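This report refers to the structure that appears directly beneath it.
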Amino acid sequence: MMSRKKLFYIGFFIVLALVFYFALTLVIPGYGQRKVNPISYVKPFAFKNQDGNTITEKDVAGKVYVAEYFFTTCKGICPDMNNNMRKVYDEFNDENDFLILSHTSDPETDSVSQMKHYADSMAVDTKKWIFLTGRKDSLYKTARISYTIDDPANNLVNIDDQFIHSQFWALVDKNGDVRKIYDGLKEKEVKQLIKDAHKLLKERIRKPA
């Protein structure tokens, strides 16, 4: 049988190893977490915000952000979806490295002035929650290829016959990687997005190889 002294030393070193591991998780963001491959990577884009200024991928570089698609005249899922997005906004309103990008699905209706009107009605800080419009084909390509919130196969349909009406949100990390997709109509998934975003904010920007 193993002596008490040996048992003591084994237990001591196990506790020591656990304390050391816990200390590393506090000092090194992301240490010990299982690395998950990104779903996709955000490709270059250029859209107009509610003030008529051009926003590109360079303006969101180094930020954690949520991307969604909606349209201002929507009477269906959009009001509920953006009520849930407000919970995200309220959680991170004081966080400098977090943004929300709300892209229109209906740029023919949602001009810069229309997006400005909508943004004003939401009474939010548009430096933190940005409303974007632009060319329909560019907006839809970004939704499908970059954010993967709609089936890329839909690109094969004539652009005039297409309409994205999706409740899904993409969470993007500081490196421009889409880390996860969430259902913006489900409270449980909105809460999970908030938890995940807090974790991503602690991660460091990956240096180029």
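Annotations for the structure displayed:
- Global form of region 112-207, assessed from the alpha-carbon gyration tensor, a/c cut-off 1.5: oblate
- Computed extension gain for K87 through T73, at 0.36 nm per residue and net of the alpha carbon distance, reaches 2.9 nm.
- Spacing of the two label points (7 Å from each Cα toward its C-beta) at D196 and D125, in nm: 2.5
- Long-range HN-HN contacts of F168 with modeled amide H, under 5 Å: G184
- Surrounding net charge for Q162, when Lys and Arg each add one and Asp and Glu each subtract one, Cβ distance under 15 Å: -3
- Phi to ³J(HN,Hα) by Karplus 6.51 cos²θ - 1.76 cosθ + 1.60 over region 108-113, Hz, x for Gly, Pro: 5, 8, 8, 6, 4, 5
- Environment charge at V112 (Cβ cut-off 14 Å; Lys +1, Arg +1, Asp -1, Glu -1): -2
- Sequence ranges 63-76, 174-187, 43-56, ranked by mean other-Cβ count within 10 angstrom, highest first: 63-76, 174-187, 43-56
Values in this text are rule-based calculations from the coordinates and carry no lab data. Quantities reported herein were computed from a predicted structural model and do not represent experimental measurements. Here Cβ is always computed from backbone atoms with ideal geometry, including for glycine, and neighbour counts include all displayed protein chains.
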